[in-house]
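Participant: I am attaching a structure below and will ask some questions about it afterwards.
Read-outs: derived from the displayed coordinates by stated rules, not from any lab. For clarity, every value in this text was computed on a predicted model and none was experimentally measured. Note: ideal-geometry Cβ built from the backbone for every residue, glycine included; neighbour counts use all protein chains shown.
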Amino acid sequence: MKKTKLLIIVALVTCMVLNACGTSGPMEKNPQMSENYPMEPENPKDDVKSPDGSETYPGESSDAAQIGEDARGNAAYVSNPQAADADLEDQGEDINEFAVKLYQKLAEEEGNLIFSPYSIFQAFLMTYAGANAETKAEIAKTLDIDLDDGDMVHQWMNALNLRLTTRPEYADPEAQPLEFNVANALWAQQGEHFEQAFLDKLAANYDAGLKLVDFANSEDARQLINLWVAVQTNDKIKNLIPEGVLSEMTRLVITNAVYFKGAWQHQFDAQFTNRQSFTRLDGSQTETDMMHTAFNGSGFVSESYQAVRLPYEQSGFSMALIMPKGDFKAFENSLSEDVLDDVLKALSNQAMINLSMPKFKTESSFGLADTLKQLGMKSAFDKDSADFSGITGNKDLYISGVVHKAFIDVNEEGTEAAAATAAMMNTTSLPAESYELVFDHPFIYVIYDQMTGTIVFMGRVVAP
């Protein structure tokens with residue numbers, strides 16, 4: 001098919017690095033980071049510095065001003081894109097299909113997992129805007145989008161971004177607001193040619209401005225882009241692009257940052273948190289901090305799994321926890337977009353929920369190039385066959401590598417999460433039921449928008 005009172009911060013950053021064929025890259029929208037409950041975010045400027053080690057940010061010095069030159073496309077950002085609810089639901093289903101396919105591949109590695117399908121999907125959708133021929137077809141197939149939809153997929157992505165980032169009309173203006181911010185940017189090599197149609201498409205649909213840099217000074221460019229990432233993610237993702245990734249051959253970096261912060265409708269009281277055992281995948285047990293709460297909400301227990309939905313206050317976002325019964329791996333291997341959709345739909349009933357779940361903190365880092373090739377995106381990584389002529393007018397760009405880095409921290413006060421991806425391209429009612437739900441075995445979780453069903457964050461906990 002296509003179609004958490006606690007706080008959560010999800011910062012999702014996607015960075016696409018495009019280089020010139022031969023050897024070895026983003027926007028300037030900065031979401032206003034709230035410093036309200038549950039966490040007092042540090043000032044990003046306390047820890048991140050400009051390339052020369054000073055405290056200045058882009059636009060605060062002459063050097064930064066030079067790099068901050070805006071050379072965006074001629075098209076203005078479309079702040080009221082037209083899209084039917086069905087189109088947004090279809091777009092959400094495409095993202096969810098991609099999320100599950102990617103989860104299946106990433107879950108082959110041992111340990112806890114966290115990643116942002118929403119960020120990765122949007123980043124590659126921006127590269128799709130400049131792809132042609134077989135490369136375009138393969139990206140479309142991997143992202144589960146219809147080639148016949150043409151440029152409408154970009155308009156729908158813009159509309160979905162706006163839908164998810166707009167505060168609901170029913171939200172109490174006096175209450176702690178949920179934040180969901182999306183920012184995109186392009187960082188381009190000075191003096192290089194980029195197709196106007198490509199720049200216009202990203203400017204109109206992704207509000208992506210173009211920043212001119214000199215990748216001959218690749219370390220300065222790397223630190224500047226990493227600074228942007230740190231600011232956009234409230235300093236949660238640092239050093240996204242490691243040393244040695246950018247070079248004088250780099251031509252373009254496309255960045256996407258998503259920041260999410262919201263309060264649970266039903267809080268966990270820290271005084272009830274205690275040490276309890278959690279059973280790992282191998283059957284061994286470990287002691288961990290378990291949080292407890294009770295509320296009238298949505299839960300479900302079947303022969304194969306138990307699940308619960310934790311809604312966020314003042315929003316349509318929720319986190320769903322899914323703990324298989326019996327063989328976790330067998331359930332995980334059978335997970336599909338249809339199965340996940342059925343689970344989320346089952347979480348529509350009302351029941352009395354007595355919930356116990358572990359506090360957990362997870363960080364994941366991995367390369368995505370091989371994974372995406374396995375999912376069908378092959379020519380984009382082949383310098384001989386990649387066709388991104390829609391970006392430069394020539395078939396001189398290819399993706400040489402993709403890295404993804406993600407972090408999540410769930411506790412009584414809230415949840416903080418951040419994710420970053422970099423793709424390097426080289427030229428070429430009253431409840432009738434009651435559930436006692438104890439998540440003391442490995443479980444899968446997603447953070448999603450209930451209205452469209454769009455998953456913005458997905459992962460698993462096998463050892464809290």
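Participant: Please give me the summed charge of the neighbours of GLN350: other residues whose Cβ is under 14 Å from its Cβ, Lys and Arg +1, Asp and Glu -1. Write out the running numbers ahead of the final one.
Facilitator: Numbers: positive: ARG309; negative: GLU433.
After counting each charged neighbour, the total is 0.
Participant: Among LYS101/LYS236; LYS373/LYS395; LYS101/LYS201; LYS329/LYS378; LYS105/LYS378; LYS105/LYS405, which pairs are too far apart, with a Cα-Cα distance over 24 Å? Walk me through the numbers on the way to the answer.
Facilitator: Details: LYS101/LYS236 26 Å; LYS373/LYS395 19 Å; LYS101/LYS201 28 Å; LYS329/LYS378 28 Å; LYS105/LYS378 16 Å; LYS105/LYS405 16 Å.
Exceeds cut-off: LYS101/LYS236; LYS101/LYS201; LYS329/LYS378.
Participant: Which of the chymotrypsin sites (Phe, Trp or Tyr not before Pro) found in region 77-182 are loop residues per DSSP with 10 or fewer other Cβ atoms within 10 Å of their Cβ?
Facilitator: Sites meeting the loop and neighbour criteria: TYR170.
Participant: Shifting gears a bit: Given R₀ = 51 Å, FRET efficiency for SER385-THR286 by Cβ-Cβ distance, to 0.05? List each step's numbers first, then the result.
Facilitator: Working: r = 48 Å, r/R0 = 0.94.
With a Förster radius of 51 Å, E is 0.60.
Participant: Around ILE120, what is the net charge, scoring Lys/Arg as +1 and Asp/Glu as -1 over all other residues with Cβ under 15 Å from its Cβ? Don't jump to the answer; show the numbers that get you there.
Facilitator: Values: positive: LYS101, LYS105, LYS373, LYS405; negative: ASP94, GLU97, ASP144, ASP370.
Charge balance in the 15 Å sphere: 0.
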